[in-house]
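A short worksheet on the structure shown next.
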Amino acid sequence: MNIKQFVFNPFGVNAYILSNNAGDAILIDPSVSNAREQAALADYIKSEHLNVRRLLNTHLHLDHVLGNAFIERTYNIKAEAHKADEFLLGLQQEQAQMFGLPCNDIAPALGKFLDEGDNVEIPEIKLQVIHVAGHSPGGLAFYCENPGKVNGQDNVPPLLFPGDILFAGSRGRSDLFGGDEFTLVSGIKSKLLTLPSETIVFPGHGPMTTIGDEKIWY
Ligand SMILES: [Zn+2]
Ligand SMILES: [Zn+2]
């Protein structure tokens, strides 16, 4: 598969585009917030001849859903996320005021709910859905156990896309909209830090890390 990363919106959300050799693509949190970012994303999709098959949100905090309306309009595809975060779509204006984020393009309703144990699959790419509440009630991490060749490289270890659940040297805050620190830490320990140490972590903000490097903090 190929992985392309963008950093979008004033909160610096890492958006990931996973695509296979046939050009099918999965978007994770493509949270474009203005015309320039929309054009950057659309230009990449066009130049790589990609067909957008799935739109995944790790969670529904405003900074991660800013692009959902644009993606739905442009590629006729609806977002998928955990049901326990659905209420956050009703609080977009409140979040915009609270965080000083733009919110001109309200994210529409979800097309599908994802939960623990589900798989998101297109040819060559299989993501296992892991649910870790605590940063938000419906926080999801997407785990790719066998990524195969990635960006031309062989022997790539497993990959994890945990949104704001886990960052390099840190984790998401737990004081917002149904967050809970104990739930977050116990979920990270039992569901993420139990993955292979060499797993490469692509977080929702900031640099990449590995599960092994994060274990030392717990
Ligand atoms: Zn968040
Ligand atoms: Zn975030």
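The values are calculated or read from the model by the stated rules, or taken from the named source; none is laboratory data. From a predicted model like this one, the values you see are computed outputs, not experimental measurements. All Cβ positions, even for glycine, are placed from backbone atoms using ideal geometry, and neighbour counts span all protein chains on display.
Just to be sure, is residue 5 within 12 Å of the chain's Cα centre (by Cα), of a type outside the set (Phe, Trp, Tyr), away from ligand 1 (no atom under 14 Å from the Cβ) and farther than 25 Å from residue 117 by Cα? Considered against the rule, which asks whether it is within 12 Å of the chain's Cα centre (by Cα), of a type outside the set (Phe, Trp, Tyr), away from ligand 1 (no atom under 14 Å from the Cβ) and farther than 25 Å from residue 117 by Cα, residue 5 comes out as yes. Within the range 8-50, being touching a strand residue (DSSP E or B) at 6+ places or on another chain (Cβ under 6 Å) and aliphatic (A, V, I, L, M) holds for 15, 17, 18, 25, 26, 27, 28, 32, 50.
Suppose we filter the range 27-50 for residues that are β-branched (Val, Ile, Thr), more than 14 Å from ligand 2 (Cβ to nearest atom) and buried (at least 24 other Cβ atoms within 10 Å of the Cβ); how many remain?
Of the residues in the range 27-50, 1 are β-branched (Val, Ile, Thr), more than 14 Å from ligand 2 (Cβ to nearest atom) and buried (at least 24 other Cβ atoms within 10 Å of the Cβ).
Tell me, please, whether a residue that is at pLDDT 95 or above and closer than 24 Å to residue 185 by Cα can be found in the range 88-100. Within the range 88-100 (the criterion being at pLDDT 95 or above and closer than 24 Å to residue 185 by Cα), the answer is yes, since at least one residue qualifies.
With the condition kept exactly as written, say whether any residue in the range 132-146 is of a type in the set (Ser, Thr, Tyr), within 16 Å of ligand 1 (Cβ to nearest atom) and assigned to a loop (DSSP other than H, G, I, E, B). Among the residues of the range 132-146, at least one is of a type in the set (Ser, Thr, Tyr), within 16 Å of ligand 1 (Cβ to nearest atom) and assigned to a loop (DSSP other than H, G, I, E, B), which makes the answer yes. Look at residue 3 and say whether it is surrounded by fewer than 22 Cβ atoms within 10 Å (Cβ to Cβ) and either within 16 Å of ligand 2 (Cβ to nearest atom) or in contact (Cβ under 8 Å) with a residue 40 or more places away in the chain (or both). Yes. In the range 51-65, is there at least one residue being loosely packed, with under 15 Cβ neighbours inside 10 Å, modelled with pLDDT of 95 or more and not polar (S, T, N, Q)? No, that holds for no residue.
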